[in-house]
Amino acid sequence: MSAVGVEWTPVCRLDDLQPERGVAALVDGVQMAVFRTFNDELHAVGNQDPFTGAFVISRGIVGSRGDAATVASPLHKQVFDLATGVCLDDESVRVPVYPIRARDGVVELALR
Amino acid sequence: MKRHLVVVGNGMVGQRFVEAMRERDDEHYWAITVLSEESRRAYDRVALSSYFDGTPVEELDVVADGCYDAEHYALHLDESVDSIDRSGRTVTTSRGRVIGFDALVLATGSYPFVPPVPGSELPGCFVYRTLDDLDAIRAAAEDAVASTRGRRAGMVVGGGLLGLEAARALRLLGMSPHVVELAPRLMPLQVDDGGGALLRELIEKLDVTVHVGTSVKAIERDRGRMLATLADGTELDLDVVVFSAGVRPRDQLARDAGLDIGARGGIVVDDACRTSDQAIWAIGECACIGGRVYGLVAPGYTMAEVLADRLTGGESSFISADTSTKLKLLGVDVASFGDALAMTPGALEVTLNNPVDHSYAKLVLSDDATTLLGGVLVGDASKYLSLRPLVGRPLPADPVSMIAPSGGGGIGVGALPGDAQVCSCHAVTKEAICTAITRNGLTDVAAIKSCTKAGTGCGSCVPLLKTLLADSGVAVSNALCEHFDQTRAQLFDVVRSSGIATFTQLIQMHGRGRGCDTCKPVCASILASLEHGHILDGEQATLQDTNDHFLANIQKNGTYSVVPRIAAGEVTPEKLIILGEVARDFGLYTKITGGQRIDLLGARVEQLPAIWRRLVEAGFESGHAYGKALRTVKSCVGSTWCRYGVQDSVSLAIELELRYRGIRSPHKIKAGVSGCARECAEAQSKDIGVIATENGWNLYVGGNGGFRPRHADLLLTDVDTVTLIRTIDRFIMFYVRTADRLQRTASWVESLSDRDRDGLAYLRAVIVDDSLGIAADLDAAMNHHTEVYRDEWAEVLADPERLSRFVSFVNAPDTPDPSISFRSERGQPSPVLVSPPTLEVVR
Ligand code: SRM
Ligand SMILES: Cc1cc2nc3c(=O)[nH]c(=O)nc-3n(C[C@H](O)[C@H](O)[C@H](O)COP(=O)(O)OP(=O)(O)OC[C@H]3O[C@@H](n4cnc5c(N)ncnc54)[C@H](O)[C@@H]3O)c2cc1C
Ligand code: SF4
Ligand code: FES
């Protein structure tokens, strides 16, 4: 992703994120699900479960399928690739992926 | 006329020989008499230790159905052969019988070697060879538990394969084991120094104290316990000592008869298994063949087959044998195969010592580095199955890539040549298995086992059998998920016997990848059942399903429900009023559940602590509606009010609900108590159902409503309350330990039945008659649970750290989720659902 024109919003400290567990963040009215994996990779995807409409993705269980880092929707357990947003159980569906970074211990999100 | 064959010993090899004769002797040329010193017919000695894990004796039995039903096959237990008269061709038994033979087969096995240590004959000193030995060890351990204060300790003399197995057994019996080994490393015969050092490190982490390079000088009696002094001066206070310092062939009978004996013991036989007497043969661990005595079952089986072939006119010979071993010791993988110690002249070694994931791997190669000769794996033996069959064959890949952590090298079972041995216990090749699968349309491992015998020895090739099935296009697996090959029950055992306390440790040592929404909650449940820590502490929090994570049940609009415990459905007017006030103040939908309590629905995450603060202050606690845990104990009004009632069902239901609240289990557990046979509490549709009688209680188990309704089975009749509760304790604990993921008790009870066993009778034997000797352990586990139970919600409220996760947004903690809204229906809130976005199509 290019840094040009990207507007970053700080949302929390990196230490606030428990590895392998998500939190929800609200950026300009958009709900994002934010994850820190065991190896300190950061991911931000849309918080809305595309199958039910409920805003719950941040509360799913984090894990892996093959090599992909994933989250499972807490409602009906469909699994999403955190890096691409693609649903691995139904590749025609996906959640949006948002730019995320940590600077000086602060996690920042952008709307792209 | 029939000729008479006498077999001395009914161990694994002797039995295998008789079965091989049954298959081959179509003409019924031989009549066979087997004499066995043990009181039990042949059983699986290799799996001996599983007896301590609760495997019933019947499952260890290895005698084929009907083997001794035929007229000319006889087995005499508890009768040993005391002498052989070679010229008269007779044997004399301990019962004074004299039996004539045309051919005599010695399959007397080995006896454990006990080094001449002063005190080794004291009561409390044991060997580890037979089921009777294990019963004696268990009895001594139980005595120690009853009489010793503080931690009980045991010492195993010998740090070889069996010694470490014995140490594991002592741990399962609740003791702290010490292992004393004369050699400078553990398992000196299987692993090299590098492997031994890592093995020691891993094993010490599991509460086993290792003393290498020293020996036991003396054992003395010391105020009801024992005191052992080691050569290095260490003194150990002990309750039990197990000698496991190697075995010696049982060749005394043959010595007395003047047969040739090997320089280091063992009855000398040629490659047809014939001794120095033309009419006498020897097979198994008592035989010295090609100058060698084998202490493993696979070479013994080969001898059994060779001999059966010879006695039925064949010409086979014994060549040499595979002495590979793979063990899981206390949850640490160790494997060695082929020329593990690089004894072949010019052999090269490739070693990979990985301090990060605590694994050690070594491959031994031929001097030109083209052929695999053997290897040692410690810490992670997952490559064992694919490497072992390659011994003696050209390397399929660069050796380093073959033992590198991520695998590489394409050495899956698919890459094996057809004539590679997949099952080395029974010498079954890949080709034989694949042919059996396709020709006979086999679809599961059990079918492969009965068709080819593969997998029925040590069991280590079973994962490969699964792979072969899968490769043949048959979908089978009872693996939990892509991260763990084990079932929940197997993982439970691993965690319990290894003391592993985190998911990270478990997946690193026994799984792969990072886990998922299947295995993480399973592990969370196992840890909760065993550790009783708060489920939201540390890493455990990340394993929980959203329900357990927020201690509430998620609803379709992303809100949660709140279900406080109302034990037995009994509630005071004051508490009812509080529930009403809380529901009103937070705008929650209120409903009486099917479990006799009250559900408040529609709470947002950030409201949960405030709601629960009010409830906890009013004396409510979590109802665990969100957990795989005890839900409710439903009750009728019982004898206090009801004109028909014969017992106080409400008091009992409350007692049960409070006793079992909070216990984490493979699936939810529900119970019911009715005050008389009219059964108003529908107890027979519950996992645990109790119905009052004039004389006490009837206990039913394994009932279910739900998806596939099943009535519970009657387990006990007319018992008093103490017996009732003790039996329910054991029922629940046994279920918690052995059921599969998401298996309700109904299907678990059904799964206990098989071809020759009635599940309910088995269950009764285990939890009522204590046939496995685990009842005390189950009782202790349940008592522990009741002692450490604390209300999860009260604990969350008391802890700012745990409370901090109950926020809507990490950057706007008090802003309600804008997508949640309600409309009013019949005077109560009802969720307005947001429709899903039009599904985005990828690219
Ligand atoms: C609230 C309640 C319905 C009600 O309003 O009455 C209910 C609600 C749910 N039931 Fe139930 N069941 C409720 C009583 C029952 C009963 C009746 C009983 O307990 O006497 C049964 C049949 C009896 C039985 O379990 O044997 C029942 C059989 C099920 C099943 C099927 C279980 C099965 O073995 O087939 C499920 C699905 C599951 O657990 O996998 C289920 C699952 C659920 C879940 C947890 C589904 C879910 O994952 O969202 C529902 C959410 C509960 C919540 O609070 O958000 N519920 N459910 C009842 C709560 C009882 C309580 O106080 O805890
Ligand atoms: C705890 C344990 C774990 C093991 N693990 C493994 C493993 O992982 N892999 C492996 O390959 N091997 C293992 N073994 C070794 C394996 O059990 C033996 O190799 C196998 O049992 C040998 O069979 P056998 O029939 O020769 O001897 P045994 O099974 O010892 O049978 C001999 C029988 O003969 C009886 N007998 C002896 N003398 C007389 C007499 N005079 N009259 C009548 N009866 C007599 C004995 O009582 C005994 O029942 C293990 C052994 C133990 C104890
Ligand atoms: S089960 Fe019997 S005691 Fe209980 S309410 Fe019904 S009739 Fe009365
Ligand atoms: S290798 Fe032991 S059973 Fe197959």
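Just so it is clear, none of the values below were taken in a lab; they were calculated from the coordinates. Remember, predicted model here, so these are calculated numbers, not experimental data. Methodologically, a virtual Cβ is constructed for each residue, glycine included, from the backbone with ideal geometry; neighbour enumeration extends over all protein chains shown.
Observations, loosely collected:
- Residues B:HIS785, B:HIS358, ranked from the fewest to the most other C-beta atoms within 10 Å, line up as B:HIS358, B:HIS785.
- Where both bridge residues fall in the protein assembly as shown, DSSP classifies roughly 70% of the beta bridges as antiparallel.
- Counting 0.36 nm for each residue step from B:TYR29 to B:ASP769 and taking away their Cα separation leaves a gain of 261.9 nm.
- Among B:LEU543, B:LEU352, B:LEU491, the ranking by other beta carbons within 10 Å of each residue's beta carbon, starting with the fewest, stands as B:LEU352, B:LEU491, B:LEU543.
- Rounded to whole Hz, the Karplus (6.51, -1.76, 1.60) HN-Hα couplings of the stretch B:671-684, x for glycine and proline: 9, x, 10, 10, x, 6, 5, 5, 6, 5, 8, 6, 4, 6
- Percentage relative contact order, the stretch B:26-122, counting C-alpha pairs under 8 Å, at least six apart: 25 percent
- Per-pair calculated FRET efficiency, R0 = 35 Å: B:ARG393 and B:ARG3 via Cβ, rounded to 0.05: 0.25
- Unsatisfied cross-links (Cα-Cα over 29 Å) in the set B:LYS466/B:LYS668; B:LYS466/B:LYS556; B:LYS205/B:LYS520; B:LYS383/B:LYS449: B:LYS466/B:LYS668; B:LYS466/B:LYS556
- Under 5 Å, built H, 5+ apart or other chain: amide partners of B:SER110: B:ARG250
- B:ALA610-B:ASP102 pseudo-label distance in nm [points 7 Å out on the Cα-to-Cβ vector]: 9.5 nm
- Gain upon complete extension [B:SER472, B:HIS534; 0.36 nm per residue less C-alpha separation]: 17.8 nm
- Cut-off 12 Å (backbone N to label point 7 Å along Cα→Cβ of B:MET343), residues of the stretch B:177-194: B:189-190
- Beta bridge orientation in chain B: antiparallel %, DSSP, nearest 5: 65 percent
- 3J(HN,Hα) along the stretch B:439-455: 5, 9, x, 6, 10, 8, 4, 4, 5, 4, 4, 6, 7, 10, 6, 4, x Hz, from the Karplus curve 6.51 cos²θ - 1.76 cosθ + 1.60 with θ = phi - 60°, whole Hz, x for Gly and Pro.
- Full extension of the segment from B:ALA47 to B:ASP78, taken as 0.36 nm per residue of separation minus the current Cα-Cα distance, would add 9.0 nm.
- Order of B:THR572, B:THR727, B:THR640 - criterion: other Cβ atoms within 10 Å of each residue's Cβ, fewest first: B:THR572, B:THR640, B:THR727
- Alpha-carbon centroid distance for the pair the stretch B:702-764 / the stretch B:480-511, whole angstrom: 25 Å
- Bridge type composition, the stretch B:548-680 - antiparallel percent by DSSP, nearest 5: 75 percent
- Our note on the geometry: Cα centres of the stretch B:22-101 and the stretch B:594-661, 58 Å apart.
- Label separation (B:LEU803 vs B:HIS784): 3.2 nm, computed from points 7 Å beyond Cα along the C-beta direction.
- B:ARG264-B:SER215 pseudo-label distance in nm [points 7 Å out on the Cα-to-Cβ vector]: 1.6 nm
- Under the criterion of Cα pairs below 8 Å and six or more residues apart, the relative contact order for the stretch A:15-109 equals 21 percent.
- Residues of the stretch B:607-634 falling in the label zone of B:ASP585, defined by backbone nitrogen less than 20 Å from a point 7 Å along Cα to beta-carbon, are B:607-623.
- Label-reachable residues, the stretch B:675-689, where backbone N falls under 20 Å from a point 7 Å from B:THR717's Cα toward its Cβ: B:675-679, B:683-685, B:689
- With a 10 Å cut-off around each Cβ of B:815-822, the average count of Cβ atoms from other chains is 3.
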